[in-house]
Amino acid sequence: MVQSVELVLDARLDAEVREEWALLLEAGLPSQARHTGASNAPHVTLGVADTVDESAERALAEVGYGAGEPLRLGGLLVFPGRTSVVSRAVVPTAGLLETHRSVDAALDGLPGRPPTTAPGAWTPHVTLARRLDAEQLAAALALLADRPRELVGTIRCGRRWDADARATWDVGTVA
C-alpha cells in the first residue's frame, strides 16, 4: 500500500484549514473532514512510494523538514479529472523545494513513485476535498471564494504515513 512523507502544519494553520474542511462538510460537499481517523490532518505531501525500506527510513530521518519555517497557503487549486480535487496551493520557497528534493532522493529507487511527485513536476498543496463532480466543484469554489486568499503559518514537522499499519509518526525536529 501507499507510504508517504508529509509536512505537518502548525496548530493555527491546521485549524484554519480545518475550518475550510468544516465549511465544505456543513454544505453537504465532499470534504477531508469526512475522514475522521486520528491520522487525518492537513498536510503537504512531499513523496510517495509503495514501500519504504530501512535505508530510505534512515535517509528520511536525516532530512531537514523546516520545522518552524514559514508556510504560506495561497489560492484555491483544482486538480481536474473524472472527478476533481480542490486544494490550497502552497507557495514554494527555496527551503521547501530543497526539503522536497531531499525527500525525493531518500525515496529514489523505491517502487510506486508517481511521476507527479518528482522535482519539477510536483505541485505542493493542501487538499480540502476529493472526488467532486462538476456541480459540487462549482459549489465548493463559490463557498470558498469568500475565505482569505492567503493563510500563513509555519511547518510543525515532517511526518511519515504508513497505510499498511494505518499509522503516522513524526520525523525530523518538531517546532
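For the range 87-94, does any single residue satisfy the condition of being modelled with pLDDT of 95 or more, within 20 Å of Val8 (Cα to Cα) and over 17 Å from the mean Cα position of the chain (by Cα)? Walk me through how you get there before you give the answer.
Within the range 87-94, the first condition is being modelled with pLDDT of 95 or more, and the residues that meet it are 87-94.
Within this subset, residues satisfying the condition of being within 20 Å of Val8 (Cα to Cα) are 87-94.
Right, trim to over 17 Å from the mean Cα position of the chain (by Cα) and you get 94.
Within the range 87-94, one or more residues are modelled with pLDDT of 95 or more, within 20 Å of Val8 (Cα to Cα) and over 17 Å from the mean Cα position of the chain (by Cα).
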message: I'd like to check something: does the range 124-142 contain any residue that is of a type outside the set (Phe, Trp, Tyr), within 30 Å of Asp50 (Cβ to Cβ), touching a helix residue (DSSP H, G or I) at 6+ places or on another chain (Cβ under 9 Å) and open to solvent by 30 Å² or more (accessible area, probe 1.4 Å)?
response: yes
Of the candidates Arg113, Arg166, Arg149, Arg131, the one satisfying the condition of being over 20 Å from Ala11 (Cβ atoms) and in contact with a Pro (Cβ under 7 Å, 6 or more places away or on another chain) is Arg131
Filtering the range 59-98 down to residues that are farther than 19 Å from Leu151 by Cβ and of a type in the set (Val, Ile, Thr) yields Val63, Thr83
Of (1) in contact with a His (Cβ under 7 Å, 6 or more places away or on another chain); (2) within 15 Å of Leu46 (Cβ to Cβ); (3) of a type in the set (Lys, Arg), Arg101 fails just (1)
Of the candidates Val17, Val48, Val52, the one satisfying the condition of being assigned to a strand (DSSP E or B) and either touching a strand residue (DSSP E or B) at 6+ places or on another chain (Cβ under 6 Å) or within 21 Å of Thr99 (Cβ to Cβ) (or both) is Val48
Note on the range 155-175: residues part of a strand (DSSP E or B) and either of a type in the set (D, E, K, R) or under 29 Å from Ala27 (Cβ atoms) (or both) are Arg156, Arg159, Arg160, Trp161, Asp162, Thr168, Asp170
Of the residues in the range 27-46, those that are open to solvent by 10 Å² or more (accessible area, probe 1.4 Å), of a type in the set (A, V, I, L, M) and within 16 Å of the chain's Cα centre (by Cα) come to Ala33, Ala38, Ala41
When the range 132-175 is checked residue by residue, the ones that are modelled with pLDDT of 90 or more and among the polar types (S, T, N, Q) are Gln136, Thr154, Thr168
Considering residues that are outside any strand (DSSP E or B), in contact with a strand residue (DSSP E or B) (Cβ under 8 Å, 6 or more places away or on another chain) and open to solvent by 70 Å² or more (accessible area, probe 1.4 Å), the number found within the range 69-122 is 1
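Counting just the residues of the range 123-142 that are free of Cβ contacts under 8 Å to residues at least 60 places away in the same chain and part of a loop (DSSP other than H, G, I, E, B), which one comes out farthest from Leu23 (Cα to Cα)?
Of the residues in the range 123-142, the ones free of Cβ contacts under 8 Å to residues at least 60 places away in the same chain are 123, 133-135, 137-138, 142.
Checking which are part of a loop (DSSP other than H, G, I, E, B) leaves us with 123, 133.
Details: Thr123: 24, Asp133: 18 Å.
Among those residues, the one meeting the criterion is Thr123.
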Of the candidates Leu24, Leu7, the one satisfying the condition of being in contact with a helix residue (DSSP H, G or I) (Cβ under 9 Å, 6 or more places away or on another chain), over 24 Å from Pro92 (Cβ atoms) and crowded, with 21+ Cβ neighbours inside 10 Å is Leu24
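The values are calculated or read from the model by the stated rules, or taken from the named source; none is laboratory data. Treat the numbers as computed from the prediction; the structure is a model and nothing was measured. Neighbour counts are summed over all protein chains in view; Cβ atoms, including those assigned to glycine, are modelled from backbone coordinates with ideal geometry. Surface accessibility is based on the protein's heavy atoms, side chains included, excluding ligands, DNA and RNA. Shrake-Rupley method; radii C 1.70, N 1.55, O 1.52, S 1.80 Å.
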